[in-house]
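Asker: This is the structure, below, for whatever I ask next.
Derivation of every value follows stated rules applied to the coordinates shown; laboratory data play no part. This is a predicted model, so every value here is computed, not measured. Quick reminder, even Gly has a Cβ in these numbers, built from the backbone with ideal geometry, and neighbours come from all protein chains shown.
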Amino acid sequence: MQELPGLTAAIRQGAAGAKLVFADNLYMYGPVDAPMTEDLPYAGRTPMSRVRAEMAESLLAAHRAGDLRVAIGRASDYYGAGGVNSTVGATVFGQATRGRTIRWTGSLDQPHSFNYLPDIARALVTLGTDERADGQVWHLPADRPVTGREFIDLISAELGHPVKAAALGRLMQRVLGLFNPTIRTLGQTWYQRDRPFVADTSTFTHTFGPLSITPHREAIAAALDWYRTHPS
């Protein structure tokens with residue numbers, strides 16, 4: 001995370017005079033109590049959320065200064081082929097395909113937006129080829145929000161048998177975080193795990209028209225196929 005601001009600056013300099021479509025996440029908004037829209041303030045106070053806010057602000061400032069054209073596309077937790085480092089990556093799909101217990105981060109009962117990687121790619125292409133996207137932040141369309149239980153049920157249905165699942169709660173996250181830096185960092189964005197975390201993507205749809213979105217059932221089937229042939 002500490003390297004990201006410098007990396008962003010290097011990308012900004014390298015893309016000078018061109019158009020940069022930046023794939024971002026939703027950390028910077030911090031805790032929310034309603035679906036997230038692009039005009040929300042950056043209320044996140046943890047290092048991870050502050051860094052994301054600073055990166056976005058620096059890119060948009062470069063756009064306003066005329067140094068390069070910028071469009072920012074924001075997605076929630078992602079999944080799909082190759083997305084092993086997501087919270088719904090190897091610890092969910094990888095475990096399920098090996099017959100092991102799925103480790104779900106946070107509550108199993110809160111609605112959550114999940115973006116399928118090919119849908120993210122199509123949306124970013126739209127931002128890259130349409131001038132109306134320039135200088136703006138856009139929430140990328142996804143299938144309907146689902147709870148962890150619903151997501152796991154879809155995995156079970158595709159596999160043809162129930163899968164075991166265990167939720168990683170806040171207390172256990174704190175304990176395990178004492179020994180595991182990766183788990184420790186999850187605490188910085190726990191506001192995504194203990195309440196509804198839903199992105200409002202209506203601005204994208206109203207501006208560019210409906211994007212062909214892959215239903216979770218179909219996307220989960222494709223993700224499982226990939227993990228079967230790419231054991232982690």
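Asker: Quick check on my filter: what residues within region 29-49 are in a helix (DSSP H, G or I) and surrounded by fewer than 17 Cβ atoms within 10 Å (Cβ to Cβ)?
Answerer: Pro47 - this is the single residue of region 29-49 that is in a helix (DSSP H, G or I) and surrounded by fewer than 17 Cβ atoms within 10 Å (Cβ to Cβ).
Asker: I need the full set of residues from region 61-78 which are outside any loop (DSSP other than H, G, I, E, B) and either under 12 Å from the mean Cα position of the chain (by Cα) or buried (at least 18 other Cβ atoms within 10 Å of the Cβ) (or both), in order please.
Answerer: The answer is Ala62, His63, Arg69, Val70, Ala71, Ile72, Gly73, Arg74, Asp77, Tyr78.
Asker: Scan region 79-103 for residues that are in contact with a strand residue (DSSP E or B) (Cβ under 6 Å, 6 or more places away or on another chain) and in a helix (DSSP H, G or I) and jot them down.
Answerer: Selection gives Thr91, Val92, Gln95, Ala96.
Asker: Quick check on Thr101: is it under 30 Å from His161 (Cα atoms) and free of Cβ contacts under 8 Å to residues at least 40 places away in the same chain?
Answerer: Considered against the rule, which asks whether it is under 30 Å from His161 (Cα atoms) and free of Cβ contacts under 8 Å to residues at least 40 places away in the same chain, Thr101 comes out as no.
Asker: Can you pull out the helices (runs of 4 or more DSSP H) entirely within region 144-232 that have at least 1 residues that are in contact (Cβ under 8 Å) with a residue 12 or more places away in the chain and under 18 Å from Gly94 (Cβ atoms)?
Answerer: Output list reads 148-159, 181-186, 216-229.
Asker: If you check Pro141, Pro118, which single one turns out to be within 15 Å of the chain's Cα centre (by Cα), buried (at least 21 other Cβ atoms within 10 Å of the Cβ) and touching a residue at least 60 places away in the same chain (Cβ under 8 Å)?
Answerer: Matching residue, one of Pro141, Pro118: Pro141.
Asker: Of the numbered conditions (1) buried (at least 16 other Cβ atoms within 10 Å of the Cβ); (2) under 18 Å from Trp104 (Cα atoms), Gly177 satisfies every one except a single condition; which is it?
Answerer: Only one criterion in (1) buried (at least 16 other Cβ atoms within 10 Å of the Cβ); (2) under 18 Å from Trp104 (Cα atoms) is unmet by Gly177, namely (1).
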